[in-house]
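This report refers to the structure that appears directly beneath it.
Read-outs throughout are calculated quantities, based only on the coordinates presented, and are distinct from any laboratory measurement. Just so it is clear, the model here is predicted, and its values are computed rather than measured. So basically every Cβ, Gly included, is an ideal-geometry build from the backbone, and we count neighbours across all protein chains shown.
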Protein chains: 2
Amino acid sequence: MSTRILDGEAFASQIHRETASRVVALSKRGITPRLVFIRVGEDPASRAYVSRKETRAKEVGLTSETIVLPETITLAQLLAQIDALNADPKVHGILIQSPLPSALPNEQVYARVSPAKDVDGFHPVNFGKLLLGDPTGFLPCTPAGIMEILRLGKIPTRGKHAVVVGRGQIVGRPLAVLLARKSTHADCTVTLAHSSTPNLPSITRQADILIGALGRPLFLTQEHVQPGATVIDVGVNRIPDTSSPRGYRLVGDVDFASVQPVAGAITPNPGGVGPMTIALLLSNTLRAAEDTVS
Amino acid sequence: MSTRILDGEAFASQIHRETASRVVALSKRGITPRLVFIRVGEDPASRAYVSRKETRAKEVGLTSETIVLPETITLAQLLAQIDALNADPKVHGILIQSPLPSALPNEQVYARVSPAKDVDGFHPVNFGKLLLGDPTGFLPCTPAGIMEILRLGKIPTRGKHAVVVGRGQIVGRPLAVLLARKSTHADCTVTLAHSSTPNLPSITRQADILIGALGRPLFLTQEHVQPGATVIDVGVNRIPDTSSPRGYRLVGDVDFASVQPVAGAITPNPGGVGPMTIALLLSNTLRAAEDTVS
């Protein structure tokens, strides 16, 4: 059996092309979608993430800007900055790069972004619309990106059993809801498993579609996988690596070398879910701009 | 094996007593929780539901009022009515009895209720907080009532496998999220199954806790149940009954006579989930009033 590699970079490029052409169409109506990043402090990983997203944004024709604020900013100052962006009709999307300093009440900050500009999909109103099945909200980018991998990869989903391992608020829980939706590209029976699930392999081996989103390096191995299953690796874990100048390397939740021989299809990592997250961020931003004229 | 009957009336009485004593405590601070029902039109079932809830509200010491509006009310008039209640500091909870006339945009009406007075837990912000795990929201009453049945019935949940049959927005989907939460009285592995699930018995027979919430009369039978499982019946279905003056009778999703001999514990229906829904509505209203002084 040969295993299909679900190439996230290629799928992301498809989405970027679609986004770019709709940006051109919208520009003819006098609107250029604008995405503003807020980064607090100088965490090197955050700098790199924002910089990568900005580069992609420019490639698809969005305008963007990064507002860098000092680690010492007060809550009132940060909220005032968000309010100003909420009120600015030239700004369509606002992304507050996590992590925020722990001294700030993170939930309150994220919830301050207008739901109509919350292109990250993290506002309670957008989470609520996801759970309610209301399509007017913005979906969180990583779960939405995984649904796009399945759609563009032509992985059958209707009536299939999807097992999501990990119940985090950013991926596992919302993804479980999306996979179960009554929709052509969803309609799965969904099991949400996690750190308290006993005998995990007996659950995961039922999966036609297995999602690793628990944040444990290389945790899912061949014993967890039904032969022929589609395996999606969401994990981004640091493990020590003295041979790297950074002192660590990034690995997923899926032990690719172990799983690949039995999987029917599998995402590489990196190059799987990560690029899709950015693609969905930019298409959300485009839609936020389109919504202002429709 | 003797089957435990999970007596929803008895559990609801426990919650009502707790609510009543906290209402007394709050009254000493000069606040009497007030719940306002809005009923549009004269649907007999709606009249009966609202009347039953009002009776219970008075029993626990809440004040309540039902505003009856004509079927022909315009959207603008209805929204103005809701806005007035949102602005009234003497009103702590607002419940819009469904169904609303189909001519009205139902989602828009429900979303007009202030999230802080949405004691039904149907506002997108409260659904979002549920999915995010933010405890400041109001939980929808039926799923929250089911969690209370499990807690008060001392049904072990941690590490157990719960199977929810039915993915409706009011019960199935939010309940699946609640059952999976990392919490002493949850922490289940959760499977959400539905009308597109093939070979349903092979899924439901894995359940330590099986929830029928699909809206099909007497659908779940002995073949769906693992011996010893806890079975919760959420269904309220009308089936024709010429011997009844109404011409129908109400039955659940669970065929009690078939399932009871194998179940370890089971809710009766009526007298299981229904009373708990009202109990949670009233405790939500109490909390809405408490929140105004804390």
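So for the range A:31-118, taking the charge dipole from beta-carbon charges (+1 Lys/Arg, -1 Asp/Glu), which of A:94, A:57, A:114 sits furthest toward the positive end?
Value computed over the given set: A:57.
Kindly give the distances from residue A:236 to its copy-mates, label point to label point, with each label point 7 Å from Cα along Cα→Cβ, as nm values to one decimal ordered shortest first.
4.6
Tell me, what is the FRET efficiency for residue B:236 and residue A:183 to the nearest 0.05, using R0 = 22 angstrom and their Cβ-Cβ distance as r?
0.25
Which cross-chain or sequence-distant (5 or more) residues have an amide H under 5 Å from the amide H of residue A:66, H modelled 1.01 Å from N in plane?
The answer is A:37.
Taking loop as defined by DSSP and a crowding limit of 13 other beta carbons within 10 Å, which trypsin sites (Lys or Arg not before Pro) in the range B:27-109 fit?
Listed in order of number, the matching sites are B:28, B:29, B:90.
Taking the Cβ of residue A:73 as the centre, find all other residues whose Cβ is under 15 Å away and add up their charges (Lys, Arg: +1; Asp, Glu: -1).
Cβ neighbours under 15 Å give a net charge of -2.
To make sure I understand the rule: partners must be lysines, Cα under 17 Å from the Cα of residue B:90, and not fewer than 8 residues away in the same chain. Which ones qualify?
Excluding near neighbours in sequence, the set is B:28, B:58, B:117.
Return the long-range amide H neighbours of residue B:170 (sequence gap of 5 or more, or a different chain), with a cut-off of under 5 Å between placed amide H atoms.
none
Write down the percent of antiparallel bridges among all DSSP beta bridges whose residues are both part of the protein assembly as shown, to the nearest 5.
Percent antiparallel among DSSP bridges in the protein assembly as shown is about 15.
If you line up the long axis of helix A:141-152 against the longest principal axis of chain A, both from Cα atoms, how many degrees apart are they, to the nearest 10?
That helix lies at roughly 50 degrees to the long axis.
With a point put 7 Å past each Cα toward its Cβ, work out how far residue B:17 is from residue A:58 in nm, to one decimal.
Here the answer is 6.9 nm between the modelled labels.
Which percentage, to the nearest 5, of the DSSP beta bridges contained in the range A:31-118 is antiparallel?
0
For the range A:60-201, build the charge dipole from Cβ charges (+1 Lys, Arg; -1 Asp, Glu) around the Cα centre, then report which of A:159, A:197, A:146 sits farthest towards its positive end.
Of the options given, the answer is A:159.
Given contacts defined as C-alpha pairs under 8 Å and at least six residues apart, what's the relative contact order of chain B, whole-number percent?
Across chain B, relative contact order equals 22 percent.
So between residue A:292 and residue A:65, what do we pick up on full extension, going 0.36 nm a residue minus the alpha carbon distance?
Between residue A:292 and residue A:65, full extension yields an extra 79.7 nm.
Helix A:273-291 against the longest principal axis of chain A: what's the angle in degrees, Cα atoms only, rounded to the nearest 10?
Tilt relative to chain A: about 40 degrees.
Under 26 Å from the Cα of residue A:182, which lysines turn up, not counting those fewer than eight places away in the same chain?
Excluding near neighbours in sequence, the set is A:129, A:154, A:160, B:129.
About its Cα centre, what dipole magnitude does the range B:191-260 give when the only charges are +1 on Lys and Arg Cβ and -1 on Asp and Glu Cβ, stated in debye to the nearest 20?
220
For the pair residue A:257 and residue B:169, how long in nm is the line joining their label points, each one 7 Å along Cα→Cβ?
Calculated label separation equals 4.8 nm.
Quote the charge dipole size of the range A:31-118 about the Cα centre in Debye, to the nearest 20; the model charges only the Cβ of Lys and Arg (+1) and of Asp and Glu (-1).
That gives the range A:31-118 a dipole magnitude of about 300 debye.
Over the whole of A:176-182, what's the average partner chain Cβ count within 10 Å per residue? Rounded to a whole number, please.
Taking the mean over all residues of the peptide, I get 5.
Could you pull out the GluC sites (Glu not before Pro) across the range B:1-64 that fall in loop regions by DSSP (anything but H, G, I, E, B) with no more than 15 other Cβ atoms inside 10 Å?
Hits after loop and neighbour filter: B:42.
Distance between Cα centroids, the range B:129-163 to the range A:217-265: provide it in whole Å.
Using only Cα atoms, the two centres lie 33 Å from each other.
Once the Cα atoms of helix A:75-87 and of chain A are each reduced to a long axis, what angle between those two axes, in degrees from 0 to 90 to the nearest 10, is obtained?
Its long axis makes an angle of about 80 degrees.
List the residues whose amide H sits under 5 Å from the amide H of residue A:265, counting only those 5 or more places along or on another chain, with H placed 1.01 Å from N in the peptide plane.
When sequence neighbours closer than 5 places are left aside, the close amide H contacts are A:4, A:230, A:231.
Please list B:235-246, B:274-285 highest first by mean number of surrounding beta-carbon atoms within 10 Å per residue.
B:274-285, B:235-246
Excluding residue B:291 itself, what net charge comes from residues whose Cβ is under 15 Å from its Cβ, given Lys and Arg +1 and Asp and Glu -1?
+4
Label the range A:141-273 by shape, choosing from rounded, prolate and oblate, from the square roots a ≥ b ≥ c of the eigenvalues of the Cα gyration tensor; if a/c is under 1.5 it is rounded, and otherwise prolate applies when a/b is larger than b/c, oblate when it is not.
It is prolate, given that a/c is not under 1.5 and a/b is the larger ratio.
What average number of partner chain Cβ atoms lie no more than 10 Å from the Cβ of the residues making up B:107-114?
That works out to 1 on average.
About the Cα centre of chain A, how large is the charge dipole given +1 on each Lys and Arg Cβ and -1 on each Asp and Glu Cβ? Please answer in debye to the nearest 20.
520
Compute the relative contact order of the range B:30-129 as a whole-number percentage, counting only Cα pairs closer than 8 Å that sit 6 or more residues apart in sequence.
Relative contact order of the range B:30-129: 33 percent.
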